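**Q** This is the structure I have questions about; it appears just below.
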Amino acid sequence: MALREILIVPDPRLKQVSQTVDKVDDALRALMDDMLETMYDAPGIGLAAIQIGVPKRVIVMDIAGKDEPKAPRYFVNPEILWASEETAPYEEGCLSIPEIYDEVERPARVKLRYMNYQGETVEEDAEGLFAVCIQHEMDHLQGVLFIDHLSRLKREQAVKKVKKQAKAA
Ligand code: NI
């Protein structure tokens, strides 16, 4: 496993649409292992492959609480089969937009289909933080960031702030 560099806004690669994965093989599992290690190191609760510059439809996640055992999850070619009309707000952040947090409103519940680490197709319902996180990460696969859900003014302010941080570092 290896730590990878996380792309930060306004890196244009974050706007790329990621490609469907043909099959889950050892090379893809190695990518997922690297992604998970990079996510834990950051630390974060979700990471899409494009955030380390790999335009594949792959997501890793661990939403276990701090005192709970690690619970890594892997999503290859995830699809949303159904989304609730009911929405819920959540204050989101993103490893590619450090230190920016803002409220985004998304469907409260979704039904998912994806391939797991073994390449098995799984259908699963998501709600709460899981629903927020998978929708946030799936946006990355379309080149969409959570700040794209905010007003133009807030989005521009966020990018400006991140650029300023980068310069100061
Ligand atoms: Ni993100």
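**Q** State the extension gain, in nm to one decimal, for the chain segment bounded by Met1 and Asn116, taking 0.36 nm per residue of separation less the distance between their alpha-carbons.
**A** Going from the current span to full extension adds 39.5 nm.
**Q** Given labels modelled 7 Å from the Cα in the Cβ direction, how far is it in nm from Arg29 to Asp125?
**A** Those two pseudo-labels are separated by 3.2 nm.
**Q** Output ³J(HN,Hα) for segment 156-169: one whole-Hz value per residue in order, computed from phi by the Karplus curve 6.51 cos²θ - 1.76 cosθ + 1.60 with θ = phi - 60°, and x for Gly and Pro.
**A** Working through the residues one at a time gives 5, 5, 4, 5, 4, 5, 5, 4, 5, 4, 4, 5, 6, 6 Hz.
**Q** Further question on the same structure: Of all the accessible heavy-atom surface of segment 19-87, with the other protein chains kept in place and a 1.4 Å probe, what percent is carbon and sulfur?
**A** Here carbon and sulfur together make up 47 percent of the probe-accessible area.
**Q** Using the Karplus equation 6.51 cos²θ - 1.76 cosθ + 1.60 (θ = phi - 60°), what ³J(HN,Hα) coupling, rounded to whole Hz, does each residue of segment 142-154 give in order, writing x for Gly and Pro?
**A** Karplus values, whole Hz, x for Gly and Pro: 9, x, 10, 10, 5, 5, 5, 8, 8, 5, 4, 4, 4.
**Q** Assuming R0 = 30 Å, can you tell me the calculated FRET efficiency for the pair Glu103 and Glu68, based on Cβ-Cβ distance, to the nearest 0.05?
**A** After rounding, the FRET efficiency stands at 0.75.
**Q** Could you pull out every residue, at least 5 positions away or on a different chain, whose amide H is within less than 5 Å of the one on Gly53? Hs are placed 1.01 Å off N in the peptide plane, and Pro or chain starts have none.
**A** Answer set, sorted by chain and number: Leu7.
**Q** Just read off the accessible area of Leu81 with the full protein assembly in place, 1.4 Å probe, to the nearest 10 Å².
**A** For Leu81, the solvent-accessible surface is approximately 70 Å².
**Q** Would you tell me the accessible area of Asp22, worked out with a 1.4 angstrom probe on the heavy atoms of the protein chains, in Å² to the nearest 10?
**A** We get 150 Å² for Asp22.
**Q** Calculate for the chain the 222 nm mean residue ellipticity that helices alone would give, adding -39,500 (n - 2.57) per DSSP H run of length 4 or more and normalising by residue count, nearest 500 deg cm²/dmol.
**A** Value at 222 nm, helices only: -9000 deg cm²/dmol.
**Q** Which value in Å is the Kirkwood Rh of segment 89-169 over different Cα pairs?
**A** Final number for the Kirkwood radius of segment 89-169 is 14.2 Å.
**Q** With a 1.4 Å probe and all protein chains left in place, how much accessible area per residue does the chain have, in Å²?
**A** 55 Å²
**Q** Could you list which residues have their amide H under 5 Å from that of Gln19, counting only those 5 or more apart in sequence or on another chain, with H placed in the peptide plane?
**A** Lys56, Arg57
**Q** So, how do all the Cα-to-Cα distances of the chain break down into 5 Å bins, in percent, from 0 on up?
**A** 1, 9, 17, 22, 22, 16, 9, 3, 1, 0
**Q** Just need the Rg to Rh number for segment 1-74, please, alpha carbons only, Kirkwood Rh.
**A** Dividing the radius of gyration by the Kirkwood radius yields 0.97.
**Q** Right, here's the next one. Determine how large the accessible area of Phe130 is when every protein chain is in place; take a 1.4 Å probe and give Å² rounded to the nearest 10.
**A** Approximately 20 Å² of Phe130 is accessible to the 1.4 Å probe.
**Q** Which parts of segment 1-38 would a label at Lys163 reach, counting a residue when its backbone N lies under 14 Å from a point 7 Å out along Cα-to-Cβ?
**A** 9-12
The values are calculated or read from the model by the stated rules, or taken from the named source; none is laboratory data. As the structure is a prediction and not an experimental result, all values here were calculated from the model. Methodologically, a virtual Cβ is constructed for each residue, glycine included, from the backbone with ideal geometry; neighbour enumeration extends over all protein chains shown. Areas reflect the complete protein model, heavy atoms only, side chains present, ligands, DNA and RNA absent. Shrake-Rupley method; radii C 1.70, N 1.55, O 1.52, S 1.80 Å.
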